[in-house]
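Remarks on the structure that follows.
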Amino acid sequence: MPQVRVGWRSGTVAAAAPSVSAILDSYSGAAAAYSLRKLRSGYAGNAIRVRRSSDNTEQNIGFDSGGNLDTYAVSAFVGTGNGFVTIWYDQSGNGRDATQNTAGNQPQIVSNGNMITLNNKPSLSFNGSSFMNTTQNVLSVGNG
């Protein structure tokens, strides 16, 4: 199957707005679902896999008890350096994870020890060269 690029031109992507229930509990049939918040209450996997720049070690990061990205785990893992996302896990249950193996193309989540945020929510920063790949022909997203 052809690869699909999932990414944005220069800019920042924020976590979804808080909700009373996870959105995929109300809307079924998603081909793929990516967020820094838990989208399905039954989802037991991680949100993202982060690479720290100091030694290129990677670690899976999940959600806190409120369904938000576990920012404490991200900060503790990355420390004062930079953190980049190598895998953005698909929460739909279809296993269509978005990946990026090339370090220079990975979206950033921590800059010099500071969580990248938009409207005070953890965010991924795509630098114009950043994008995520899926192995399934499911979607192509851009910000214009």
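Values quoted throughout were computed directly from the atomic coordinates according to the rules given, and no laboratory measurement underlies them. For clarity, every value in this text was computed on a predicted model and none was experimentally measured. Ideal geometry is used to build each Cβ from the backbone, glycine not excepted, and the neighbour counts take in all protein chains shown.
A few notes on this one:
- As a rough guide to protection, the peptides 72-78, 40-46 ranked by mean Cβ packing within 10 Å, highest first, stand as 72-78, 40-46.
- Among 106-113, 62-69, the order from most to least packed when residues are scored by Cβ within 10 Å on average: 106-113, 62-69
- Separation of the residue 72 and residue 26 label points, Cα + 7 Å toward Cβ, nm: 2.9
- Our coupling estimate for segment 107-113, obtained by passing each phi through the Karplus curve with A = 6.51, B = -1.76, C = 1.60 and θ = phi - 60°, is x, 9, 10, 10, 10, 6, x Hz, Gly and Pro reported as x.
- In plain terms, the chain from residue 60 to residue 80 could stretch by 5.4 nm, reckoned as 0.36 nm per residue minus the Cα-Cα distance.
- Residue by residue, segment 42-48 carries 3J(HN,Hα) couplings of x, 6, 10, x, 8, 8, 8 Hz when phi is fed to the Karplus relation 6.51 cos²θ - 1.76 cosθ + 1.60 (θ = phi - 60°); x denotes Gly or Pro.
- Listed values for segment 77-94 are Karplus-derived 3J(HN,Hα) couplings in whole Hz (6.51 cos²θ - 1.76 cosθ + 1.60, θ = phi - 60°), namely 6, 6, x, 8, x, 10, x, 10, 8, 9, 9, 10, 6, 6, 8, 6, x, 8, and x replaces Gly and Pro.
- When the square roots of the Cα gyration tensor eigenvalues are ordered a ≥ b ≥ c, the ratio a/c for segment 15-85 is 1.5 or more and a/b exceeds b/c, which makes its shape prolate.
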